[in-house]
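Here is the structure we will look at, set down as structure tokens.
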Amino acid sequence: MIHVTDKIRLAESEISFTFTTSQGPGGQNVNKVATAAELRFDAAASPTLTPDVLRRLRSVVGKRMTAEGVIGIKAQRYRSQERNREDALDRLIRLIQRAAEPRKRRVPTSPPHGMIEQRLEAKRRTSTKKRVRGPVRDIEQ
């Protein structure tokens, strides 16, 4: 069992890995050894994820989740297969932990009285400045 949160635990059978050759520099090791880990997790079929967590997970994961609810993560940061496997698993756990936290509701507040007065005073100063900029009138008339 993979411990994600207090309430969410994933069975190792829910996660599958495939290994391919990595991209980028690395010389002969990159060309010969399949070190990149591709993790696949069927979130929609997971019994431990509630519908709310699954909905938030869709927004957190974005394009990495298919329409069927399968999350795909490719890890190729490290030179060893085992470290890439751990990296992919850590990234999945962090995504699920982010989705498991309910969003805090915003509490609407009103601006402080002093701030309102400050804004109105600034408007009065601007109004006076623009009114003074008007055409010059001849006083002798």
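Taken together, the values in this text are just the output of simple stated rules run on the coordinates, not laboratory data. Since the structure is predicted, the reported quantities are computational estimates derived from the model, not experimental observations. Please note: Cβ atoms are built from the backbone with ideal geometry, for glycine as well, and neighbour counts cover all protein chains shown.
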- Message: So in region 60-89, with the set limited to residues that are without any contact (Cβ under 8 Å) to a residue 60 or more places away in the chain and basic (Lys, Arg), which one is surrounded by the fewest Cβ atoms within 10 Å (Cβ to Cβ)?
- Response: LYS63
- Query: Is one or more of the residues making up region 15-27 in a helix (DSSP H, G or I) and loosely packed, with under 14 Cβ neighbours inside 10 Å?
  - Reply: no
- Item | Failed item in (1) assigned to a helix (DSSP H, G or I); (2) farther than 30 Å from LYS63 by Cβ, with THR109 passing the rest | (1)
- Odd one out for LEU92, checked against (1) over 20 Å from LEU57 (Cα atoms); (2) assigned to a helix (DSSP H, G or I): (1)
- Item | Number of the exception - ALA37 against (1) aliphatic (A, V, I, L, M); (2) within 30 Å of PHE17 (Cα to Cα); (3) not in a strand (DSSP E or B) | (3)
- Set LEU49, LEU57: member being in contact (Cβ under 8 Å) with a residue 40 or more places away in the chain and in a loop (DSSP other than H, G, I, E, B): LEU49
- Message: Return the residues of region 28-57 that are out of contact with any helix residue (DSSP H, G or I) (no Cβ under 7 Å at 6 or more places or on another chain), over 24 Å from MET1 (Cβ atoms) and surrounded by 15 or more Cβ atoms within 10 Å (Cβ to Cβ); say none if nothing qualifies.
- Response: VAL30, VAL33
- Message: Name the single residue that is nearest to ARG9 (Cα to Cα) among those in region 90-117 being among the basic types (Lys, Arg) and surrounded by 11 or more Cβ atoms within 10 Å (Cβ to Cβ).
- Response: ARG94
